[in-house]
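Below you'll find the structure, written out as structure tokens, and then a few comments.
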Amino acid sequence: MSIRDVYIVDAVRTPVGKFAGALSGVRPDDLAAHVVRSLVARAPGLDPSRIDDVYFGDANGAGEDNRDVARMAVLLAGLPVSVPGVTVNRLCGSGLEAVIQAARAVAVGDASVAVAGGVESMSRAPWVLQKPERAFPAGHQQLHSTTLGWRMTNPRMPAEWTVALGEGAELVADKHGISRAQQDAFALASHGKAAAAWDAGLYDGEVVPYDGAGLTRDECVRDDSSMEALARLKPAFRKDGTVTAGNASPLNDGAAALLLVDDEGLRATGREPLARIRASAVTGVEPQLFGLGPVEAVRRALAKAGKGFADLTTFELNEAFAAQSLGCLVEWPELDPAVVNPRGGAIAIGHPLGASGARLAGSVAHQLAAAGSGTGLAALCIGVGQGLALVLER
């Protein structure tokens, strides 16, 4: 069996909304449907019935995104009912996992045209109530928030594995001696790059605002941030810690989608591709050191592609925390930091869990198209100790 080339024809995303912000009134299945509908509308030469499958990442799935949000997106977007959909979950890497699974299907001939993406509404994530062990309990019952992090944890899990995500970032800072000032400077740079990219119109070609939400730009970007303002924020996880709300990614809402095709599908779209998918890799690490998950995944993905750090034109590394991102950069001494997140990262743009990986992949594809040639990389750390990476080229 021959392996086919897989191309990214187009990629779109919503502006990323802040928690309880402009997109909090929009259901996640509607957000997903919006990016699918927008993506298909931008390929008028493609008959939607030719889409073989729709893959969507979704990290929570406990609320309105239940019952296979990918299939809900297909139906709500008005695609033919013959188009199927599957939802995948690799926590923070779910959107990138969807892209990788769609690419595999195209590469082996199971699909010629596929849509991949991700969605998350952290604003609308519900509280859940476990069923009681016996009927008619007399006491109070506990509700668990599904917005972020561990809940209903298995007591057999070692305590050091189930620390809060922010404490995991503190552990990375401890491991590599990363100071509060370094983290704040990294966060400030993220906001500055994101604001500059928006001002320069660099996101105009990929962002598709949701009608009626009144949001045309990522809601958490602060072009007025400063080291002084960041320094005033209190540590969020340790009394004497270094991780704050200012040097961590916020809670967010958003969706993203990409159109993936083989050569036959490419002819059907009549479009020039943004980029070609070269390789991917996934790895595991100790759960409490999840922030360093991308380190080995990136190395393996680059090796599979026959590339090195010096070959990278751009690298979108998800900024779950400044400490986590800086920890990864320490372990990649060969990497030029200037190619990392040139248009800002998740600390400024936001991190809607299931959508972030698809946002990163789409951003890399658009950046490679703008450059005309080159090699790009998208990577994320993943809660419970995983890393995921994807190599693109043009």
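The values are calculated or read from the model by the stated rules, or taken from the named source; none is laboratory data. Since the model is a prediction, treat every value here as computed from it, not as a measurement. A quick note on method: Cβ atoms are made from the backbone with ideal geometry, for glycine too, and the neighbour counts reach across all protein chains shown. Ligands, DNA and RNA are excluded from the accessible area calculation, which covers all protein heavy atoms including side chains. Shrake-Rupley method; radii C 1.70, N 1.55, O 1.52, S 1.80 Å.
Tabulated results
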{"read-out": "The range 133-224, relative contact order [Cα under 8 Å, separation at least 6], %", "value": "18 percent"}
{"read-out": "Percent carbon-and-sulfur accessible area, the chain, ignoring ligands, DNA and RNA, probe 1.4 Å", "value": "52 percent"}
{"read-out": "Isotropic mean projected area of the C-alpha convex hull, the chain (nm²)", "value": "20.5 nm²"}
{"read-out": "Per residue, the convex hull volume that the Cα atoms of the range 272-317 enclose (Å³)", "value": "89 Å³"}
{"read-out": "Coarse-grained scattering of the range 13-125 at q = 0.09, 0.13, 0.16 Å⁻¹, given as base-10 log I(q)/I(0) from a Debye sum over alpha-carbon atoms", "value": "-0.21, -0.45, -0.67"}
{"read-out": "Euclidean distance of C-alpha centroids, the range 1-36 and the range 339-360, integer Å", "value": "13 Å"}
{"read-out": "Rg to Rh, two decimals, where the range 142-266 supplies the alpha carbon set and Rh follows Kirkwood", "value": "1.06"}
{"read-out": "GNM result for the chain, Cα springs below 10 Å: residue of Pro287, Pro342, Pro132 fluctuating most strongly", "value": "Pro132"}
{"read-out": "Aspartates and glutamates whose Cα lies under 13 Å from that of Lys239, excluding same-chain neighbours fewer than 8 positions away", "value": "Glu167, Glu170"}
{"read-out": "Cα radius of gyration and Dmax for the range 302-380 (Å)", "value": "12.1, 33"}
{"read-out": "Kyte-Doolittle mean at least -1.0 and Cα axial length at least 18 Å: DSSP H helices in the chain", "value": "28-41, 94-107, 180-199, 353-371"}
{"read-out": "Qualifying GluC sites (Glu not before Pro) for the range 320-394 [loop in DSSP, other Cβ within 10 Å: at most 16]", "value": "Glu331, Glu334"}
{"read-out": "Trypsin sites (Lys or Arg not before Pro) restricted to the range 86-195 and DSSP loop, no more than 14 other C-beta within 10 Å", "value": "Arg134, Arg156"}
{"read-out": "Å² of accessible area per residue within the range 41-200, as computed with a 1.4 Å probe and no ligands counted", "value": "48 Å²"}
{"read-out": "Dipole moment magnitude, nearest 20 debye, the chain about Cα centre, only Lys, Arg, Asp, Glu C-beta charged", "value": "480 debye"}
{"read-out": "Over 26 Å between alpha carbons, listed pairs Lys18/Lys307; Lys175/Lys304; Lys18/Lys234; Lys18/Lys193", "value": "Lys18/Lys307; Lys175/Lys304"}
{"read-out": "Over the range 336-394, relative contact order from alpha-carbon pairs under 8 Å, at least 6 apart, %", "value": "26 percent"}
{"read-out": "Geometric extent, Cα atoms of the range 296-348 - Rg, Dmax (angstrom)", "value": "11.0, 32"}
{"read-out": "Charge sum, other residues only, whose C-beta stays under 14 Å from Lys193's C-beta, Lys/Arg counted +1 and Asp/Glu -1", "value": "-3"}
{"read-out": "Only Lys, Arg (+1) and Asp, Glu (-1) charged, at Cβ; the range 217-313 dipole about Cα centre in debye", "value": "300 debye"}
{"read-out": "Dipole of the range 170-236, positive end: most advanced residue of Tyr210, Cys220, Leu230 [Cβ charges, Cα centre]", "value": "Leu230"}
{"read-out": "Relative contact order (%) - the range 43-166, alpha-carbon pairs under 8 angstrom, separation at least six", "value": "26 percent"}
{"read-out": "The chain: most fluctuating residue of Gln182, Gln101, Gln130 per GNM, C-alpha cutoff 10 Å", "value": "Gln130"}
